[in-house]
Structure formats: structure tokens, C-alpha cells
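Contents: one structure, followed by commentary.
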Amino acid sequence: MKAQPATRSPAQLFYRSDDPDWHWLEQRDHPDVEAFLVATNAESDAWFEPLEATVDHLYRGHLARRELAVKGVPSPLDTHVYWSDTAADAEYPVWWRHPIGEPDASQCLLDLPALAQGEDFIELGDMAVSPSERYLAWTLDTQGNEYFDLYLRDLESGETRRLTTDIGPEVVWAEDDDTLLFTRYDETQRPATVWWLSHARNEEQCLFEESDPEFWVGIDKLRSRQWLLIDTASKTSSETYLVPAGAPTTAPRCVRPRRPGVEYSLDHRPGRFYILHNEAAPHFELAVAPEADPAAWTPFIAHRDGVTLDGMDCFDWGIMLAERDHSQAQVYLRRIELDDTHQTHHDSYLALPSPLCHQSLADMPHFDSRVLRLREESFTIAPRWISLDLDSGKRTVLKTQTVHGDLQPDDLHCERVWAEGHDGEQIPVSVVIRKDLVGKGPLPTLLYGYGAYGEVLDPWFSIARLELLSRGMAFAVAHVRGGGDRGEPWYLAGKLEHKQNSFHDFLAARHALVNQGISDPTRIAAYGASAGGLLVGASLNMEPEAFSAAVLDVPFVDVLRTMENPALPLTTAEYSEWGNPDEPDVRQRIEAYSPLDNIEDLPYPPVFLQGSWHDTRVPYWEPAKLYGRLNHLSALRGPVLLRTDMTSGHGGASGRFAAWKDGARQDAFILWALGMASRHVSE
């Protein structure tokens, strides 16, 4: 019998010798682009077919461990109690309410499963109840491109209207029960303007416009309900405008004009504004100003070395302040109670239930509440919601996420190890394993990283992660520079000209796990999404043999070319994060680490790439180009696969079951690459 010719891969079929960099993929409307993505999806599906039993086992195992029917923690406003309810078989929640004291008089506010019928994608951007609680406003995206439509429902009559289209996700009520505030984008999808809309008069008007392409606008209403805020900010500077909540068409008043490198935010108690700022205070300090003169800042909580002030929430009794300890990479909540003269009469930190725990304020709409709502979780504590009575000190558990199955949170062990960076810096690495495996390494390991924009990877619990841990894996998080895990200095040490620190830190974390006997050097997989994909992609270029596999989800890997194109969403706003390549030294710096600009014929491990057709943050062509270029190397140690979700955006599938199935597919790839699952075919 004559041998059949080998099937050519999409990387071969669609290769263009005159464009070896695959830039033609940026032509979204060209028929070959969609044909290529469909072909790579088919290739990926065919490769995964022998692993489908593993994917299904992981997926069903996840479902078996999770409480599928979920009721949210009820939250009272002035006249009603509100909560969400997700049916066991539903992709999306339904929102309900009942009058306070009348739990049997429930009313459905918003049925997202019903709205999702006939839609491939749906995302609720924001939802807000009017001050009288008669009207409900919400924003909805049905494309995945982060353009939202604004809807209004009269909760007395049930009448529902679409008020406007193609806006940002945020919506805020003024205090007049008629006026809504929202943002609109410019041509690069930058939130650039703030609008007010009167639903009674069917009238809308622009209230504020930001002309600087590096600044994005946002809106908020303070808990005191007396002020609306318009915040406009770049990555390094900010400016805030005040609008009376009872007079929302009033011209906005600037608190303090922007200055390069100065960021500030504010909250309100009657008679005073409290301002968190970094003017001459790199780790931020808290100032106070008279309500009549919000620019007259007086120090209240001084700047300190070793601590970054992460955020604040004002109440009529005082302030809750979030402080991040640099040495411990841990955030603490600080309660400051003030008397009628704004003098401190109580100052203490809330106790943490365990080390390496993330504690934050939960939904707290009432300005005068002396019962805090807290959310707590860690790598070994499932999320739980606590009420804390400030007067009695009593803690009451309102809800704990249920975990079913043989592996419970108490069966897990978490520890913090420290890796020595290339420059001697100490890099925190969080590790989670089963308790019965402590001291029994080296173990197959999944190393997770992000490290950009000052984002923090505080401890979080994951039911899906249990499927990997139950099979004897370790899960590790590299808290690299560029993130905010050790405060503001940690972020600054991993951006712009210091960006290479992030990649060195990720590799240092990998090597520390091996050197301390935790991880098997031949069985370590890396995972990164978005800017985490940049982190992993750059690390692979530096040391491809350090990893047995990599999963890059919507990865930002075409950094130089993206930053050279100011017409793309995000680009101009990102200059202060990565730099503007119009400057020769900046271009050289970015080109030195941009993953797509540093691919060589090296022994890259198996790589699974995921993209989204409607992604406006990281265009589909970035992972697609990486797929094309890697598949033309001869030294690859395994397959390079690409899967593009043709119905979603940057966040992936909108439904929870679809998202969990995507996660199971990624985990199956990791298990296969680490020798813990078989495809039952000749590799």
C-alpha cells in the first residue's frame, strides 16, 4: 500500500515567504485570516482528541467539587435587600430583591440567562439601583469587544428601555433619581469623555472631555452620596474633578491640576476630603483637606519606608486604610476612628485569620454602618464573607464557598519561599501542595506569573486548582517585580527601563523551587495571561529548557510593533508602562525583550496559545503570529498549538461552564506535558 503524504499544518499551508513575520494576520477582513484561525482550531481540536477523556475528567472533577447552585450574600440598601442567585445548570446569575423585612415578596431584577439566549457572548458591565430604588440601570456587551449598551428598567411598572449604545462599562446614578453618568470611548477605544443622561427628558450631554491620549477617565459616587467623582489618569499621573451628586450637570471642579508623576485619589466625610497621594511620598501618604478647599492638603498619615498605602474607604465614623507591608508582601486593613473634630480616637489593625491571607472590604453601601463586611481567602482558605461588629468585636460568618470532594482546604499546605534574583533582590514565591506531600519533593509544578501595572497576586483560592493538586502537583506563584506585591517600589522596579527584572525574577523563582527540592526540574510548566503571557514568553526566549511546557492565554507578545501603533487601543496609555518606541533608546530596550522579536531556533517546550477574535486589548494576531513563527523552528521539543475563541474578547468565554471547560483543556495540556496524562497515541 502506498504511504499517504503527511498532512500539512496551518503553519505550513498559510506561510508566506515574503512575510515570515506573519504580519499579514493583522488584516482582519482578509478571508485568509479567518481561514487560518479556523484551521488552527481544527488542528488543536485534532491534537486534543486523544486527551478528551482527560479534559472531561478534569472538567467533571471541577464540577463535582463545586457548589453549582450559588446564592450571593444578601446586601441591604435603604428599602430592599439585594442578592444574586445562580441555578445549578445556569451559565449566568439572576439578580433579585425583596423589601426589608418581607423575604417572601421577592422580585426579579435582572435575568441574565434570559438575556443571554441567542447570544454567543454576553457580559454585564455594571448594574446600579437609583437612589429611591425605583429604577435599575445596567450595561451589557454582547460582542466581547468591550462596547456596552445602557439599559433602564422601571422596577414598579417593569418597563425596560435601551437608553444609549457603544459606551464604557461604568454607570453611576446621581442623587436625583433621573440622571445617569457614563463614559464614551475615542477612536482608539480610550475612555475619553463623561456624559450625563436624563432618562425622563431623553436627553444626554457631554460633561467632561479628556484630550490627552495617555489619560483615561472614570466615574464614581462616594459612599457619603454627596459627591460624584470624575477621575482622569495615566499610568503615572492623575487628576480628580468633583461634581455635586445632587446637581449632576454642574461643571466639574478640579481638585488639583495634574503634575507629572503625581497620583492622587480621594474620599469624603462631611466637612473633609481625605486624599491618598504620592507627592513627595513615593509609597503614598494620606492627607486631609477642608471640603470648601479640597486643594489645601494637610498630612494625616505620614509616608513611611517599608509600607505602601494601597487604598482607603471613608465612613461617618472614620477610615479603613489598606496598608501593604513590603517585607512580608502582605496587605493589612487599618481601622481609624475619628471624633466630631476629625481627631483620631481609635487606631488598630484587623487581625488576619492566618498568614498569607487576603482580607478586603466586601460590599459596604451604607456610610454609617458600624458592621464591616469582609471578604477573606487564601491559597488554603476558601472565600468567605464575614461581618465584623466594630462595637462588640464579634465576627460572624455570612457565607463560605462550599468545597466538595476528597481534597479540602484543610488538606492543603502553603508556604512562602524566597528566590535570589540576578541582582541579589529577594523574590517572594508562594507554593501550595497537599499536606501529605510536604517534604516529599521534587514535584511536578505549575509556575504562575503576571508582574505588570502594579497588579498584585494576593493569595486566592481556586477549586479548579484542586484537580492539579489532587494529582500530586505543586502550584507556585512568582511575585515578580512589576507587580505590586511588595508595594510601590516593587512595581517601579519592574517597568520601563527595569522591565527585564520581571523576566529574571520569574526564572529565579523557577530555579529556587528546584534548588529547595520542591520542584522537579524536568517537570515544570509556566502559565501567563495577557501581560503574564509577555512574562512567560520572554522567559522562554531567555531559558527555553527551564520549562517542560507553557500556556500563554491572550498573550501580549508583539510588544514593539503594538507600541509603535498609536491607533491601537491601549497603546498611548501604555507609554508610561513600557515606553514610547519613537525614542530610539526606548525602542532598543523594548526590542531587546519583546517575545516576537527575540525568537531563535531554540529548544522551546510544548506551547499552548489561546487568543480571542474580539479581543481589543491583545489582538488575536499576537498569539497567532507566535504560533506561526514557533512552528517554523527545527529545535522545538513539542507541539505549538493555537486555539482562538471566535466569539469572545480578552476575558475569554463569558459563561462559567464554558470558561471552566477552557480551563480543563489548559490543565490537560499541562498534565500531558508533565507526563501525568497520556494521549494514547505515538508521540
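Condition check ((1) touching a residue at least 24 places away in the same chain (Cβ under 8 Å); (2) surrounded by 14 or more Cβ atoms within 10 Å (Cβ to Cβ); (3) over 30 Å from Q226 (Cα atoms)) across all residues:
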position	(1), (2), (3)
S348	no, no, no
Q359	yes, yes, no
A362	yes, yes, no
F367	yes, yes, no
R370	yes, yes, no
S387	no, yes, no
Q401	yes, yes, yes
D423	yes, no, yes
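Within the range 667-683, the set of residues being over 16 Å from S470 (Cβ atoms), at pLDDT 95 or above and open to solvent by 20 Å² or more (accessible area, probe 1.4 Å) comprises W672, A673, G675. The residue that is nearest to I670 (Cα to Cα), among those in the range 433-451 that are modelled with pLDDT of 95 or more and touching a Ser or Thr at 6+ places or on another chain (Cβ under 7 Å), is T445. Does F315 count as surrounded by 17 or more Cβ atoms within 10 Å (Cβ to Cβ), on the phi > 0 side of the Ramachandran plot and at pLDDT 95 or above? So F315 does not fit the description; no. Condition check for E187 on (1) crowded, with 17+ Cβ neighbours inside 10 Å; (2) in contact (Cβ under 8 Å) with a residue 60 or more places away in the chain: one failure, at (1). For the range 418-459, what are the residues that are assigned to a loop (DSSP other than H, G, I, E, B), charged (D, E, K, R) and out of contact with any Lys or Arg (no Cβ under 8 Å at 6 or more places or on another chain)? Across the range 418-459, the qualifying residues are D423, K440, E455, D458. Of the helices (runs of 4 or more DSSP H) that lie entirely inside the range 8-86, those containing 3 or more residues that are in contact with a Leu (Cβ under 9 Å, 6 or more places away or on another chain) span 31-48, 52-65.
Residue selection: D293 satisfies the criterion of being open to solvent by 30 Å² or more (accessible area, probe 1.4 Å) and charged (D, E, K, R). Within the range 583-597, being in contact with an Asp or Glu (Cβ under 8 Å, 6 or more places away or on another chain) and assigned to a loop (DSSP other than H, G, I, E, B) holds for one residue alone: S594.
Candidates in the range 624-651 are the residues that are open to solvent by less than 20 Å² (accessible area, probe 1.4 Å) and assigned to a strand (DSSP E or B); of these, the one that is nearest to E545 (Cα to Cα) is V640.
Confirm whether L150 is over 22 Å from the mean Cα position of the chain (by Cα), of a type in the set (A, V, I, L, M, F, W, C), on the phi < 0 side of the Ramachandran plot and open to solvent by 50 Å² or more (accessible area, probe 1.4 Å). No; evaluated as a whole, the condition is false for this residue. Those strands (runs of 3 or more DSSP E) of the range 314-405 in which at least 1 residues are closer than 25 Å to T79 by Cβ, considering only elements entirely within it, cover 357-361, 371-378, 384-389, 395-400.
Can you tell me how many residues within the range 77-129 are open to solvent by less than 70 Å² (accessible area, probe 1.4 Å), over 30 Å from M646 (Cα atoms) and either touching a residue at least 60 places away in the same chain (Cβ under 8 Å) or of a type in the set (D, E, K, R) (or both)? Number satisfying all stated conditions: 2.
Got at least one residue in the range 555-567 being over 15 Å from K499 (Cα atoms), among the aliphatic types (A, V, I, L, M), open to solvent by 20 Å² or more (accessible area, probe 1.4 Å) and within 25 Å of the chain's Cα centre (by Cα)? Yes, the range 555-567 contains at least one residue that is over 15 Å from K499 (Cα atoms), among the aliphatic types (A, V, I, L, M), open to solvent by 20 Å² or more (accessible area, probe 1.4 Å) and within 25 Å of the chain's Cα centre (by Cα). Applying the condition of being assigned to a strand (DSSP E or B) and either in contact with a Phe, Trp or Tyr (Cβ under 7 Å, 6 or more places away or on another chain) or among the hydrophobic types (A, V, I, L, M, F, W, C) (or both) to the range 406-417 and asking which residue is farthest from A531 (Cα to Cα) yields L412. Pairing residues of the range 147-160 that are without any contact (Cβ under 8 Å) to a residue 60 or more places away in the chain and among the acidic types (D, E) with residues that are assigned to a loop (DSSP other than H, G, I, E, B) and open to solvent by 50 Å² or more (accessible area, probe 1.4 Å), at Cβ distances under 8 Å and at least 6 apart in sequence or on separate chains, gives D154/R134; E156/R134.
Any residue in the range 31-40 that is under 30 Å from G675 (Cβ atoms) and aromatic (F, W, Y)? No, that holds for no residue.
Taking every residue in the range 198-211 that is under 18 Å from D176 (Cβ atoms) and open to solvent by less than 20 Å² (accessible area, probe 1.4 Å) and pairing it with any residue that is in a loop (DSSP other than H, G, I, E, B) and of a type outside the set (G, A, S), at least 6 positions away or on another chain, the pairs with Cβ-Cβ distances below 7 Å are S198/D178; H199/D178. Which of the residues spanning the range 168-222 are under 24 Å from the mean Cα position of the chain (by Cα), in a loop (DSSP other than H, G, I, E, B) and of a type in the set (S, T, Y)? Result: T188, single match.
The values are calculated or read from the model by the stated rules, or taken from the named source; none is laboratory data. Given the structure is predicted, the values throughout are model-derived calculations rather than measurements. Glycine gets a Cβ as well: all are built from the backbone with ideal geometry, and neighbour counts include every protein chain shown. Side chains included, ligands, DNA and RNA excluded: accessible areas come from the protein's heavy atoms. Shrake-Rupley method; radii C 1.70, N 1.55, O 1.52, S 1.80 Å.
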